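Peer 1: Could you have a look at this structure, given as structure tokens, before my questions?
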Amino acid sequence: MPATVVKSKDLVSPLENLFPGIAHNESLTFPKTDNLSIGYFKADPGTELQIEIPFEEVDIIIEGSLTISDETGSTYTAEKGDVLYISKGSHYSATTKTGFGGIYIIHPHNWRELLQTQKTD
């Protein structure tokens, strides 16, 4: 399958209670591979996250902004048009006063399972 288009109405699987304040919509079948998960996310103003990432993630910010502090003590602000890469094993906190939204690409595709396993360990 060389190319696939997933219509926005077909992006399903909201993620409840994993990240309060963040709405996720994603297609678990696009692309039809075990390698990637691609979807859209949106965070409410005032959302705060503390997370360890057990996968690789690329976020393309398409609205708003967020401030990220990582385990090295570095702080970054990502704004509309910026691309954010988060490496596997990173510990970070993120906050947004304005809210933000974007498109994510995560490897591997089973990131939910990885996060849930991490929370039960």
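Peer 1: Please go through (1) of a type in the set (D, E, K, R); (2) part of a strand (DSSP E or B); (3) modelled with pLDDT under 85 for Asp59 and return the number of the only condition it doesn't satisfy.
Peer 2: It is condition (3) that Asp59 fails.
Peer 1: Would you check if Asp34 is assigned to a strand (DSSP E or B), among the acidic types (Asp, Glu) and either surrounded by 16 or more Cβ atoms within 10 Å (Cβ to Cβ) or out of contact with any helix residue (DSSP H, G or I) (no Cβ under 8 Å at 6 or more places or on another chain) (or both)?
Peer 2: Against the criterion (assigned to a strand (DSSP E or B), among the acidic types (Asp, Glu) and either surrounded by 16 or more Cβ atoms within 10 Å (Cβ to Cβ) or out of contact with any helix residue (DSSP H, G or I) (no Cβ under 8 Å at 6 or more places or on another chain) (or both)), Asp34 does not qualify.
Peer 1: Among the numbered criteria (1) surrounded by fewer than 17 Cβ atoms within 10 Å (Cβ to Cβ); (2) assigned to a strand (DSSP E or B); (3) modelled with pLDDT of 90 or more, which one does Ile51 miss?
Peer 2: (3)
Here's the yes/no breakdown for (1) small (Gly, Ala, Ser); (2) on the phi > 0 side of the Ramachandran plot:
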position	(1), (2)
Tyr76	no, no
Gly81	yes, yes
His91	no, no
Ala94	yes, no
His109	no, no
Glu113	no, no
Thr117	no, no
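Peer 1: Could you grab me the full set of residues in region 70-88 that are loosely packed, with under 15 Cβ neighbours inside 10 Å and either touching a Phe, Trp or Tyr at 6+ places or on another chain (Cβ under 9 Å) or of a type in the set (A, V, I, L, M) (or both)?
Peer 2: Taking region 70-88 as the starting set, the residues that turn out to be loosely packed, with under 15 Cβ neighbours inside 10 Å are 71-77, 79-81, 83, 85, 87-88.
Result: Glu71, Glu79, Lys80, Val83, Lys88.
Peer 1: Tell me which residues, restricted to region 55-85, are more than 19 Å from Gly101 (Cα to Cα) and within 12 Å of the chain's Cα centre (by Cα).
Peer 2: Hit for region 55-85 is Phe55, nothing else.
Peer 1: Sticking with this structure for a sec: Whether any residue in region 71-78 is among the acidic types (Asp, Glu) and assigned to a helix (DSSP H, G or I) is what I want to check.
Peer 2: If we filter region 71-78 for residues that are among the acidic types (Asp, Glu), which is where we start, we get 71.
Checking which are assigned to a helix (DSSP H, G or I) leaves us with none.
Within region 71-78, not a single residue is among the acidic types (Asp, Glu) and assigned to a helix (DSSP H, G or I).
Peer 1: Given (1) farther than 16 Å from His109 by Cα; (2) in a loop (DSSP other than H, G, I, E, B); (3) in contact with a Phe, Trp or Tyr (Cβ under 8 Å, 6 or more places away or on another chain); (4) not polar (S, T, N, Q), identify the lone condition not met by Pro45.
Peer 2: Among (1) farther than 16 Å from His109 by Cα; (2) in a loop (DSSP other than H, G, I, E, B); (3) in contact with a Phe, Trp or Tyr (Cβ under 8 Å, 6 or more places away or on another chain); (4) not polar (S, T, N, Q), Pro45 violates only (3).
Peer 1: Hey, can you tell me all the residues within region 79-102 that are assigned to a strand (DSSP E or B) and more than 17 Å from Thr47 (Cβ to Cβ)? Lay out the reasoning, then the answer.
Peer 2: Here is the first cut: in region 79-102, the residues assigned to a strand (DSSP E or B) are 79, 83-86, 91-95, 100-102.
Of everything in region 79-102, those that are assigned to a strand (DSSP E or B) and more than 17 Å from Thr47 (Cβ to Cβ) turn out to be Val83, Tyr85, His91.
The values are calculated or read from the model by the stated rules, or taken from the named source; none is laboratory data. Because the structure is a prediction, the values reported are computed rather than measured. Cβ atoms come from the backbone with ideal geometry, glycine included; neighbour counts cover every protein chain shown.
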